[in-house]
1. Of the numbered conditions (1) farther than 20 Å from residue 97 by Cα; (2) not assigned by the TED database to the domain that holds residue 125, residue 292 fails exactly one; give the number of that condition.
2. Among the numbered criteria (1) assigned to a strand (DSSP E or B); (2) in the same structural domain as residue 86 (by the TED database); (3) crowded, with 24+ Cβ neighbours inside 10 Å, which single criterion is violated by residue 355?
3. Considering only segment 405-423, state which residues are closer than 16 Å to residue 337 by Cβ and either aliphatic (A, V, I, L, M) or surrounded by fewer than 19 Cβ atoms within 10 Å (Cβ to Cβ) (or both).
4. Can you list residue pairs whose Cβ atoms sit under 6 Å apart, with the first residue in segment 325-339 being touching a residue at least 60 places away in the same chain (Cβ under 8 Å) and the second being in a helix (DSSP H, G or I)? Count only pairs 6 or more apart in sequence or on different chains.
5. I'd like to check something: does segment 61-79 contain any residue that is at positive phi and outside any loop (DSSP other than H, G, I, E, B)?
6. Within the bounds of segment 5-18, is there any residue that is surrounded by fewer than 16 Cβ atoms within 10 Å (Cβ to Cβ) and either under 22 Å from the mean Cα position of the chain (by Cα) or in contact (Cβ under 8 Å) with a residue 24 or more places away in the chain (or both)?
7. Which residue, of 94, 123, is surrounded by 24 or more Cβ atoms within 10 Å (Cβ to Cβ), more than 17 Å from residue 233 (Cβ to Cβ) and either modelled with pLDDT of 95 or more or not assigned by the TED database to the domain that holds residue 267 (or both)?
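The values are calculated or read from the model by the stated rules, or taken from the named source; none is laboratory data. Source: prediction; values computed, not measured. A quick note on method: Cβ atoms are made from the backbone with ideal geometry, for glycine too, and the neighbour counts reach across all protein chains shown. We work out accessible area using only protein heavy atoms, side chains counted, and drop any ligands, DNA or RNA first. Shrake-Rupley method; radii C 1.70, N 1.55, O 1.52, S 1.80 Å.
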Amino acid sequence: MLNSEVFKESSKFMPGGVNSPVRAYKGLDIDPPIIKEGKGAYIYDVEGNKYLDFVCAWGPMILGHCNKETVEAIKNEAEKALAFGAPTYEELELAKYICETVDIDMIRMVNSGTEATMSAVRLARGYTGKDKIVKMIGCYHGHYDGFLVAAGSGVLTTGIPGSKGVPEDHIKNTLLAKYNDIENIRELFKAEGENIAAVILEPIAGNMGVIKANKEWLKEIRTLCDKYGAVLIFDEVMCGFRVSYKGARGLYDVEPDLVTYAKIIGGGLPCGAYGGKKEIMERLAPIGDVYQAGTMSGNPLVVAAGLATLTKLNNNKDIYEKLEFLGKKLEDGVNKIKEERDFPIVVNRCGSMITVFFTDKKEINTYEDVMSCNVDNFNKYFKHMLKKGIHLPPSQFETMFLSASHNEEDIDKYLDALKELEL
C-alpha cells in the first residue's frame, strides 16, 4: 500500500483527501504520508516508513505516542463505559483535579478547542451584556465564524483572508488588534472600550509560529479590561499544560478571567474546556442564562485519558525540566548551524514549542514580522527533513512540539539533518 494511493482514494470521499486542511500539504507539491501508528517519539506510515515526530498530534502528545499510563486508563474505562450523556464520577475527578492544580474556580468540559473558545466568548458576552470582542491579527482560536478574520494556522497557510460562508453580520463585532503592540490596544479601547465584551488572545502564540507575548503588553490589556469591564480570555488550547503545568498563566504575572484548554487535557482524545472565575462561570446554564451544551462533553474515555496524562505531568515535574533542556539543545543547535551555514533564519521557542522562521529579520515578535518569511525556503526545508525521516508541521506558520519521549539523540538527528539542508 502506497501513501500516494491512499491519498488519491481519500480525495474521492473527503474534500481534499483530509479532515483538516493543513494535513493536505497544500503548496508543497507532495502527498502527505498516511500515518498508521505511533510509539514514543516516532510514527510510521502505511509504507512502513519511520519518522521522528515533531508534530505530536499538534501538541497533545506531550508524553509521546501511546503513553503506557494513558493507554491503560483508556482500556480500563472502555471495559465499562463509552458514553452516557449523563453525569459521571470520573468527570468530577478531572474537573476537580484541573481546578485545584491550576488554581481556577470552575470549569466546563467540551469537545474541542473551537468549542471552548466560542463558548468562552458567548459567556463573556452574556456576562458583560456587550457584543464586541477583540482578537489579535494572526492568532487562531478555531473555526467559529467570529474568529475567522485575520486568523493564523491553516487560514494563514492557505492565504485565504478568512473564509467563504461567513456572513458579514457574524464578524461585524470582531475587532482586530496587533499582537504585542501596546499603543494599538490602547487606541482600540479608547475608541470602542464601552462596547467590548472580551479580549481573547494566545499568551504564547502558536498559530502564526511561536511568538511570546510581551509581559507589559499583557499587563496593559489586563488594566484596560478592568477599566472598561471587559473579560480577558487566555486561549491556552495549545500552550496550556505544555509550556508549564499551569501553561502561560504559570509564566506571566497576569491573570485572565477565563482560560480555554484542549489538546493535552484529553490525553490525545478529542477534548476541550473553559474555566475561570466563579462569578462568570455561574452564568452558564443550567444555573445561569448563558446556554451551552454537548452530548459528548465529559465523555468517560476522554476524561480517563486526560486524568492519567495530567496526573503524570503534575506528579513528575522533571518532565518539564527535560522538555526545557531538549528545547534549548535544539534551539542552540539550530542557531549554531545558522552561523556556520549563514542561514537566514530566526528560532523562537517557549519550552517545548519551537518555530524555525525563514527570514532575513533579526527577530520575530509580531504578525508583520511573520509575514516577512520566505515560504519557498521553508518548503525546501520541510521536504528535505521529511526525506531524512523527520516529521514536521507542513507550514511556516505552525509550531514544532517536543515530547517526554524525545531524547538527546533525537535532537541530534534533527540537527544533523538540518546541517545538510541546501537553500
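1. That leaves (2) as the condition not met.
2. Among (1) assigned to a strand (DSSP E or B); (2) in the same structural domain as residue 86 (by the TED database); (3) crowded, with 24+ Cβ neighbours inside 10 Å, residue 355 violates only (2).
3. Within segment 405-423, 411, 412, 413, 415, 416, 417, 418, 419, 420, 421, 422, 423 qualify.
4. Listed by first residue and then by second, the contacts come to 326/411; 329/411; 330/411; 333/415; 337/418; 337/419.
5. No, segment 61-79 contains no residue that is at positive phi and outside any loop (DSSP other than H, G, I, E, B).
6. To start, the set of residues in segment 5-18 that are surrounded by fewer than 16 Cβ atoms within 10 Å (Cβ to Cβ) comprises 5, 8-9, 11-16.
Narrowing the set further to residues that are either under 22 Å from the mean Cα position of the chain (by Cα) or in contact (Cβ under 8 Å) with a residue 24 or more places away in the chain (or both) leaves none.
No, that holds for no residue.
7. Numbers: 123 fails: more than 17 Å from residue 233 (Cβ to Cβ).
The match here is 94.
Matching residues to (1) touching a residue at least 40 places away in the same chain (Cβ under 8 Å); (2) in contact with a Pro (Cβ under 8 Å, 6 or more places away or on another chain); (3) hydrophobic (A, V, I, L, M, F, W, C); (4) in a strand (DSSP E or B):
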position	(1), (2), (3), (4)
83	yes, yes, yes, no
93	yes, no, no, no
97	yes, no, no, no
109	yes, no, yes, yes
115	yes, no, no, no
123	yes, no, yes, no
126	yes, no, no, no
130	yes, no, no, no
134	yes, no, yes, yes
